[in-house]
1. A 27 angstrom limit on the alpha carbon distance is what I want to check against. Which of 355/463; 259/368; 259/498 exceed it?
2. Tell me the GluC sites (Glu not before Pro) within segment 467-556 that lie in a loop according to DSSP and have at most 14 other beta-carbon atoms within 10 Å.
3. Any chance you could run the full-extension gain for residue 407 through residue 63? It's 0.36 nm times the residue separation minus the Cα-Cα distance, nm to one decimal.
4. By counting other Cβ atoms within 10 Å of each Cβ, how are 210, 505 ranked from fewest to most?
5. Quick one: if the Förster radius is 56 Å, what FRET efficiency do residue 369 and residue 531 give, using the C-beta to C-beta distance and rounding to 0.05?
6. Measuring from label point to label point, each 7 Å out along Cα→Cβ, what is the residue 318 to residue 133 span in nm?
7. To make sure I understand, if each residue's beta carbon is the centre and we count other beta carbons within 10 Å, what order do 176, 217 fall in, fewest to most?
8. Using a 7 Å offset from the Cα along the Cα-to-Cβ direction at both residue 361 and residue 248, what is the distance between the two label points in nm, to one decimal?
Amino acid sequence: MLAESISQLAQLTGIMTVAAPQAKKLTRESASKVRTGCQTCKIRHKKCDETRPACRMCTNTGRTCDGYQTGPDRRTRAFRSNRNARVVTMLPANGNALERLAPVAIAAAPRPNMVSGSGPLFYMADASRFSLTQDERHYLNFFKLRTVSQFSSQFGRVFWLQMIPQMGESEPALRHASIAMGALHWNFVEKRSSARASANDPFALQQCNRAISYLKHELTDKSRAHLEIALVTCIMFISFALCQGDYYAASRLLEGGSKLLRDWLAINPDPNSSIRIIFIKAFTHINFYFLIFADPGLFSSPSGEKSADISKVENFLSGLSAPIDNLGKAGGMIFHLCALAMQEDPRVRVLTNNKRHSILAKLQTWTKEFSDSSANCGGVSLLKNNLAFNVLQMWTEFIYIMIAAEQWPSDRGEMKYDMFQHRFERALSLAKELLNSGFFQSSTPTFSIGTGIIPPLFFCAYKCRDPFLRREALVLLRGWQFQEGIWETPTAAYVLEKIIEIERRGLSQEEIVPETRRIESMRVEILPGSQSIRLWFRRSQLYNSTDWESEVVIFS
């Protein structure tokens, strides 16, 4: 079983490979390395004639000579002494300006233990001490200084800010996966903030291939430590696919990684293990996005283990009475309840009315429990915690509506959502508060793997037929460049606008959307090779409208 999981993960990660021609290995006579020359020729690995102010090698080929840089003499004792100093980087609260994140050299200190601290400092190695090219060093530093802070978002900070940088120190597979992710993230920002071409995608894929090569070599050893490297790298590959917008590749990787995680959990049974908790949370956060409006058959089990699912639900619901005294518990509860709300099979009713009442009561009281606990501690929450608290409140409103709506008589159809106007308004108010906060005010597009606000904001505008609230939601989605997992604000805005157009065709601004026009279910098919999607939708089932319709949405 273990070998099968490793083989499957290697095959799944193989979808990232590209048919790049392998450079023929050349041999040459050994000679001392020339450390002079212009920066452009160094990057191109060309012999520079060192003509000043611009070398002829660059000017004759139409290139811009980037000039000469005088570095320290590596042969001196002072350089050899400074080379042994370790580098630690402090991430500021906003984490936006790359130029503010210059590493500060400090005296050598013992390396911190894996995920042992919670402060703002974590070990960050100088990329120049690895055998890397200048481009690789640049994107590795970009990943460490910019990517991990964005990917961690409000949740998963220990995994992204501590585990990955520390494991990358000694694991080349993870190091090259980090370089690939840094290059792809850099290109993600550049493509959306300027007219630059996507020139770094091949470089990112090349680095991904190198990471896979190292990973396959290491997985010949079936030790637990090597499986942990595979799990971390798998999450990196899933993030890579999501950033590329390859939904199906990410879902296949998630399936393979989840199977590998189950095998790893079998040989690491300690429930209090810190690394076990981190892995479970990391995969839960990623899987969370696929639960929302995903294809129900995407992760279906061929054996249909419903009885096991029901027993797990029973165990989870029995623990709802425990007070919520930290955001970790709150997030875990929200994730489980969202999975119940979105994945419940009508043929197998797991939630009885009594259980629904218990869930709704908990959703209404957990915020007070958390606030009382924070007040008793006498501490003031940090900005990140306030943001995470507001995000979870948005998801609370979303889940409350989903579960409470199922208690209404079936003859209400889609009109039942009109009863939750105040909750839609509350969710929209929270979204405004979050987007107007300093954390989300960025001049460049951002990407996050963590739990965000696009899905609940989209759902509220999708199920709420109030024209004013829908317009406000559209304004928020259009004015904010962000990607959360598989969710992008531009795509969400286009889809939402199309849904509103379909439902309101032939109606005046004052008319309420009738039941017969309301869309009950929808799914999105991303069309290959074009800036367009196909929106599949089905109208209200109250009048036996079982046919699926579709329309193509073209991005302008």
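1. Result: 259/368; 259/498 exceed 27 Å.
2. 510, 511
3. Net length gain for the segment: 117.0 nm.
4. Least to most surrounded, the residues fall as 505, 210.
5. Efficiency computed from Cβ-Cβ geometry: 0.75.
6. 5.8
7. 217, 176
8. So the label points at residue 361 and residue 248 sit 4.7 nm apart.
Bear in mind these aren't lab numbers, they're just calculated from the coordinates by the rules spelled out. Because the structure is a prediction, the values reported are computed rather than measured. Reconstructed Cβ throughout: ideal geometry from the backbone, glycine too, with neighbour counts over all protein chains shown.
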